[in-house]
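Working notes, beginning with the structure itself.
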Amino acid sequence: MSNYAAGWRPTARIETLRRRAAALTTVRGFFDARGVLDGHVVLSRALAAKGHWPAIDVLESISRVADDVTTPEHQAARRLVLRLVSSYRQVEDLLNIGAYPAGSNPEFDLAIACKPAIDQLLQQGRNEVTGRADFGRTSRQLLALSQQIQAARAQLARPAPGRGAAMRVVP
């Protein structure tokens, strides 16, 4: 009786199997190397559909070394912006149908007010691509945005007649 299932016989030769094993080892090595790199960038079709370019979903993307290569001030600014992006995402559907009452959640109000400035930092025009990112310039922009957000938070906390969440942070 044969060791093979009825009707099936191996057709690969030893050399073919060795080549396939070598290819699998190379692929496995690629994924092992990938595991020690910085992190993962997640692209979003929803952002692309809104004209947000590059369509990087900053909430889903992750960097394992960001805290090792940035200052504590930069880290705090990054966390602040990410928190506001998350808050805006939570309230966006309510805004779109007109069901969010301004003033009902201070964090949502701040996210709404800061959305244009945050988008300006996170987006770039296709013609702005120059081949190299300027980390120093981008870091300064992030820190400046953080200061604008703190000023907007203070302004929203002060009661003012006739002013709701319609206040916008100027990018």
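The values are calculated or read from the model by the stated rules, or taken from the named source; none is laboratory data. All values reported here derive from a predicted model rather than from experimental measurement. Because the Cβ atoms are built from the backbone with ideal geometry, glycine has one as well, and the counts that use them run over all protein chains shown. Each accessible area value is taken on the protein alone, full model and side chains, heavy atoms only, with ligands, DNA and RNA left out. Shrake-Rupley method; radii C 1.70, N 1.55, O 1.52, S 1.80 Å.
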- Query: Each residue of the stretch 114-128 in turn: what ³J(HN,Hα) in whole Hz from Karplus with 6.51, -1.76, 1.60 and θ = phi - 60°, glycine and Pro shown as x?
  - Reply: 9, 3, x, 5, 5, 4, 4, 5, 7, 10, 8, x, 4, 7, 7
- Item | Two-decimal ratio, the stretch 33-93, of alpha-carbon radius of gyration to 2.2 N^0.38 Å | 1.27
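With every protein chain kept in place and ligands, DNA and RNA left out, what is the accessible area per residue of the stretch 37-130? Probe 1.4 Å, answer in Å². Mind dumping the intermediate values first?
Details: 5820 Å² over 94 residues.
That works out to 62 Å² per residue.
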- Peptides 113-123, 142-152, 97-107: what's the order by average Cβ count within 10 Å, highest mean first? 113-123, 142-152, 97-107
- Expressed to one decimal in nm², the mean projection of the alpha carbon convex hull of the stretch 92-151 is 5.4 nm²
- Starting from the Cα coordinates of the stretch 52-160, work out the convex hull volume and express it per residue in Å³. 124 Å³
